[in-house]
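The block underneath contains the structure these notes are about, expressed in structure tokens.
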Amino acid sequence: MRKSQKIKIYILGITLLVIPLFTQASPVDTNLTIFQKLVQDSIVHITLEADFDSLFNYKKLTAEQKATLTLVTSDSTTHQLSIKVKTRGVYRRRYCDVPPLRLNFSKEDLDTLGLNNDFDKLKLVTHCMENETAEQVLLREYWTYKLHNSLTPNSFKVHLIKITYINSRNKRDKSEKLAFLIENNDEMANRIGGKLVDRWGTKPSQVKESALHNSMLFNYMIGNLDWNLARQRNIKLVELPNEEKLVIVPYDFDMSALVFPSYARLNPDFKQRKFTDRFCVGRFESKEAIKQTTAKFEPLKSVYFKNINQCPYLDYKSKLQMKLFLKSFFQPLTKEKTWKKRFL
């Protein structure tokens with residue numbers, strides 16, 4: 001390991017260790033989920049022990065395996081939770097050295113911690129590849145989720161952590177990496193006041209107009225073509241009480257130009273020549289619809305750039321690439337000729 005990398009890990013470890021963690025003396029709040037507890041109490045360091053040889057050598061299999069997740073509290077108390085893990089994702093499970101994981105918590109353990117056990121599964125986004133650029137790709141995807149949070153509450157919340165992976169077959173085989181957790185699907189739907197539904201073949205007219213337009217323009221902004229309403233690809237649909245139309249919530253932004261992973265591929269359906277070429281998936285029905293939607297994005301320009309600048313783990317190159325790509329979206333946003341050509 002290079003000296004600069006060792007210093008980086010050492011500084012990161014100190015930074016994370018000084019953040020307060022939840023203690024056994026915390027008041028019981030059965031309204032909190034495991035995800036909310038991790039966020040609320042700034043738990044940013046966990047240990048995951050599993051048979052990673054088996055898990056990653058047979059990563060295309062969807063069977064769960066036993067694992068142990070450890071949380072260390074500020075008073076040095078260790079909480080060990082018996083969970084189950086499995087690989088997930090379609091493309092990344094085939095491509096990644098370390099594919100994303102699903103963590104399945106024990107309802108009994110959640111009860112013991114005084115947490116809501118209704119939402120007992122979390123998605124863990126990993127570093128994917130064992131190379132120097134993988135961490136930056138992961139961070140760019142994490143911040144893309146955070147940008148979406150700034151636009152609308154109809155979005156998946158995320159939580160950045162440092163994770164120590166321990167191979168149960170050889171406990172000296174361990175590594176520390178950054179990763180992030182994604183809010184449980186049903187928990188997200190519950191938070192915005194609805195429930196998840198599967199509606200294959202959903203048409204734009206069946207979706208709330210503002211939610212659809214936000215999703216269309218956000219995905220256009222980040223250069224993401226890897227989503228589809230009718231096939232429910234990389235979107236979730238939420239049904240709200242007393243509402244005829246559904247809410248659309250996009251996710252999985254790794255194949256966007258803003259993230260630009262090493263496995264990025266051109267999209268032949270749009271005759272894409274460069275991965276940074278933007279195309280609008282879907283269409284706006286009127287100029288007024290475009291004006292209303294772009295009006296929501298314009299005030300976020302300074303917020304987005306500020307968030308990217310202040311991220312302590314993004315390197316200079318990633319920050320520059322992200323800001324330049326976002327700038328190319330915001331610059332023509334107020335030019336009517338430009339958006340009429342692209343969106344109508």
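The values are calculated or read from the model by the stated rules, or taken from the named source; none is laboratory data. Just so it is clear, the model here is predicted, and its values are computed rather than measured. With ideal geometry, Cβ positions are generated from the backbone for all residues, glycine too; neighbour counts draw on all protein chains shown.
Can you list the helices (runs of 4 or more DSSP H) found entirely within segment 88-163 that contain at least 3 residues being among the aliphatic types (A, V, I, L, M) and either surrounded by 20 or more Cβ atoms within 10 Å (Cβ to Cβ) or modelled with pLDDT under 95 (or both)? Quick ask: steps written out before the conclusion?
Values: elements: 91-95, 107-112, 134-151.
Answer list for segment 88-163: 134-151.
Considering only segment 178-189, I want to know if a residue exists there that is closer than 23 Å to LEU217 by Cα, surrounded by fewer than 17 Cβ atoms within 10 Å (Cβ to Cβ) and either in the same structural domain as PHE218 (by TED's automatic domain parsing) or in contact (Cβ under 8 Å) with a residue 12 or more places away in the chain (or both).
No; the residues of segment 178-189 include none that is closer than 23 Å to LEU217 by Cα, surrounded by fewer than 17 Cβ atoms within 10 Å (Cβ to Cβ) and either in the same structural domain as PHE218 (by TED's automatic domain parsing) or in contact (Cβ under 8 Å) with a residue 12 or more places away in the chain (or both).
Is at least one residue of segment 70-84 free of Cβ contacts under 8 Å to residues at least 40 places away in the same chain, in a strand (DSSP E or B), basic (Lys, Arg) and in the same structural domain as SER168 (by TED's automatic domain parsing)?
yes
What number of residues within segment 203-225 are crowded, with 19+ Cβ neighbours inside 10 Å, touching a strand residue (DSSP E or B) at 6+ places or on another chain (Cβ under 9 Å) and not in a helix (DSSP H, G or I)?
Matching residues across segment 203-225 total 2.
Looking only at helices (runs of 4 or more DSSP H) that lie completely in segment 278-332, which have at least 3 residues being under 26 Å from GLU132 (Cβ atoms)?
Per the criteria, 300-310, 316-330.
If you check every pair at least six apart or on different chains, which have Cβ atoms under 8 Å apart with a residue in segment 278-294 that is within 13 Å of SER215 (Cα to Cα) and assigned by TED's automatic domain parsing to the domain that holds LEU229 first and a residue that is small (Gly, Ala, Ser) and modelled with pLDDT of 90 or more second?
Sorted first by the residue in segment 278-294, then by its partner, the pairs are THR293/SER210.
Among GLU244, GLU187, which is the only one that is more than 25 Å from ASP97 (Cβ to Cβ) and part of a loop (DSSP other than H, G, I, E, B)?
Of GLU244, GLU187, the one residue that is more than 25 Å from ASP97 (Cβ to Cβ) and part of a loop (DSSP other than H, G, I, E, B) is GLU244.
On the basis of being closer than 20 Å to LYS66 by Cβ and among the β-branched types (Val, Ile, Thr), does ILE182 make the cut? Steps first, answer last, please.
Details: closer than 20 Å to LYS66 by Cβ: no; among the β-branched types (Val, Ile, Thr): yes.
Here the answer is no, as ILE182 does not meet what is asked.
Scan segment 27-69 for residues that are among the small types (Gly, Ala, Ser), surrounded by 13 or more Cβ atoms within 10 Å (Cβ to Cβ) and either in a loop (DSSP other than H, G, I, E, B) or modelled with pLDDT of 95 or more (or both) and jot them down.
Residues satisfying the conditions are SER42, ALA50, ALA67.
Is one or more of the residues making up segment 30-52 closer than 23 Å to GLU183 by Cβ, without any contact (Cβ under 8 Å) to a residue 60 or more places away in the chain and among the basic types (Lys, Arg)?
no
Please give the number of the condition ARG231 fails out of (1) assigned to a loop (DSSP other than H, G, I, E, B); (2) surrounded by 17 or more Cβ atoms within 10 Å (Cβ to Cβ).
Unmet for ARG231, out of (1) assigned to a loop (DSSP other than H, G, I, E, B); (2) surrounded by 17 or more Cβ atoms within 10 Å (Cβ to Cβ): (2).
Check segment 333-344 and report whether any residue there is modelled with pLDDT of 90 or more and surrounded by fewer than 13 Cβ atoms within 10 Å (Cβ to Cβ).
Checked against the condition, which is being modelled with pLDDT of 90 or more and surrounded by fewer than 13 Cβ atoms within 10 Å (Cβ to Cβ), segment 333-344 yields no hits at all.
Give me the residue from segment 307-331 that is modelled with pLDDT under 95 and loosely packed, with under 12 Cβ neighbours inside 10 Å and, out of that set, farthest from THR144 (Cα to Cα).
The qualifying residue farthest from THR144 (Cα to Cα) is GLN331.
Yes/no matrix, rows are residues, columns are (1) in contact with an Asp or Glu (Cβ under 9 Å, 6 or more places away or on another chain); (2) not aromatic (Phe, Trp, Tyr):
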| residue | (1), (2) |
| --- | --- |
| PHE260 | no, no |
| PHE270 | yes, no |
| LYS274 | no, yes |
| CYS280 | no, yes |
| THR294 | no, yes |
| GLN310 | no, yes |
| MET322 | no, yes |
| GLN331 | no, yes |
| GLU336 | no, yes |
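Those residues that are of a type in the set (Lys, Arg) and within 26 Å of PRO99 (Cβ to Cβ), I need them from segment 257-282; list them, please.
ARG265
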